[in-house]
Amino acid sequence: MFYIYVTCFFFLGLLMGSFYSVLGLRIPEGRKFVFDRSRCDQCMHELKLYEMIPVFSYFSQGGRCRYCGEKISSLLPLVEIATGILYAVSYFSFGFSLDLLLALFIVSLFIIILVSDLTYLVIPDSVLAFFAICFLVIQYFRVGLEQTFYHLLTGAFLFVLMYSIMLLGNKIFKRESLGGGDIKMLFLFGLVLDPLLGTISIFLGSFIALPISVFLYALYKENIIPFGPFLLLAFLLLYFSKITPDMILTFLGI
C-alpha cells in the first residue's frame with residue numbers, strides 16, 4: 001500500500017506541476033490563470049484537454065504546437081516530472097502528516113518560483129504572500145502558537161540578514177547584487193526553519209549556485225543568474241534532510 005501511495009503522489013505531482021507552470025508563467029505578466037483556458041503562446045489556439053496531459057502531450061506532439069508547429073519550451077515537461085518526483089519523495093519522507101503538508105507547499109513554492117525566476121527573473125510578491133499565510137497556518141497546527149511566533153521572529157531576522165548581505169554586495173560590486181524577491185523569500189524560510197538552518201540555507205544556496213553560474217558565464221557570457229531557485233533548493237534540502245541545529249552543533253563539536 002505504501003508504494004501505491006508513492007505512485008499516486010507522483011501522478012498528483014505531474015498534474016500540479018503542469019498547473020504550477022501556468023502560475024509561474026502567467027502571474028508575473030498579470031494574466032488570468034483560473035478561468036482563462038490554456039493557449040499556444042504563438043498562434044493563440046485554445047488547447048484541448050488531451051493536449052494538456054502532463055509530459056505525455058509534450059512528447060506525443062514532438063515538443064511542438066500541433067497547430068502552428070512552434071517549439072514548446074522543454075522546461076514544461078521537466079518541471080512536471082520534477083514536481084512528480086518531489087511529491088513522491090515528500091510522501092516517502094513524511095507519510096501522512098502535517099510535515100507532509102508543509103513539504104508539499106514548500107515543493108509548490110519551489111516550482112512556481114523556479115518557472116517565474118528562470119523565465120522573467122521575477123519572484124512575484126503575491127506568490128510569497130500566499131505561501132507565507134499557508135506556512136503560518138500549517139505551523140500553528142503543527143507546532144502551536146508560541147513556536148509559530150518564534151518562527152515569525154526568525155523570518156524577520158533572516159529578512160534583515162539577507163537585506164544586509166544585499167547592501168554589502170551592492171557596495172562591493174557597485175551594482176544590484178540581489179533582487180527584492182530573494183530578500184523577501186528568506187522571511188518565508190524563517191517560518192519553517194530555525195535561525196541557524198535559515199542562515200545555512202543562504203550559504204548552501206550560494207554554494208550550489210557558484211559552479212553553475214561560472215559554467216553559464218563561461219559558456220554563454222551570462223552574468224545575470226536568478227538566485228531564487230538556488231535558495232529554494234537549499235531550503236528543500238534542509239527541510240527534507242530533517243537535520244536539526246543540535247546535529248550541526250554536535251558535528252562541529254560545539
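With a 1.4 Å probe and all protein chains left in place, how much accessible area per residue does the chain have, in Å²?
56
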Eight or more residues apart or on different chains, and alpha-carbon atoms under 26 Å: count the Lys pairs in the chain matching that. 10
How many percent of the accessible area of the chain is carbon or sulfur, using a 1.4 Å probe? 70
Residues meeting the amide H criterion for R64 (H placed from the backbone, H to H distance under 5 Å, 5 or more places apart or on another chain) are I72
From the backbone phi of segment 104-109, what are the Karplus-calculated ³J(HN,Hα) couplings (6.51 cos²θ - 1.76 cosθ + 1.60, θ = phi - 60°) in whole Hz, Gly and Pro given as x? 5, 5, 5, 4, 4, 4
Within the chain, which is the longest segment containing none of the trypsin sites (Lys or Arg not before Pro) that sit in a DSSP loop and have at most 13 other Cβ atoms within 10 Å? 49-173
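By its C-alpha gyration tensor, with a ≥ b ≥ c as the square roots of the eigenvalues, how is segment 127-254 shaped: rounded for a/c under 1.5, else prolate for a/b larger than b/c, else oblate?
Numbers: a/c = 1.96, a/b = 1.57, b/c = 1.25.
Prolate.
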Of S116, S241, S93, ordered by accessible area with the largest first and a 1.4 Å probe, the sequence is S241, S93, S116
Answer rounded, prolate or oblate for the chain, using the Cα gyration tensor with square roots of eigenvalues a ≥ b ≥ c: rounded when a/c is under 1.5, else prolate when a/b is larger than b/c, else oblate. oblate
Less than 12 Å from a label point 7 Å out along the Cα-to-Cβ axis of F11: which backbone N atoms in segment 86-115 qualify, by residue? none
Can you give the angle from 0 to 90° between the axis of helix 180-190 and the longest principal axis of the chain, with both taken from C-alpha atoms, to the nearest 10? 60
Simple spin-label estimate for K174 and L98 in nanometres, 7 Å along Cα-Cβ: 5.2
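The values are calculated or read from the model by the stated rules, or taken from the named source; none is laboratory data. Remember, it's a predicted structure, so these values are computed and weren't measured experimentally. Positions of Cβ are backbone-derived with ideal geometry, glycine not excepted, and every protein chain shown enters the neighbour counts. Each accessible area value is taken on the protein alone, full model and side chains, heavy atoms only, with ligands, DNA and RNA left out. Shrake-Rupley method; radii C 1.70, N 1.55, O 1.52, S 1.80 Å.
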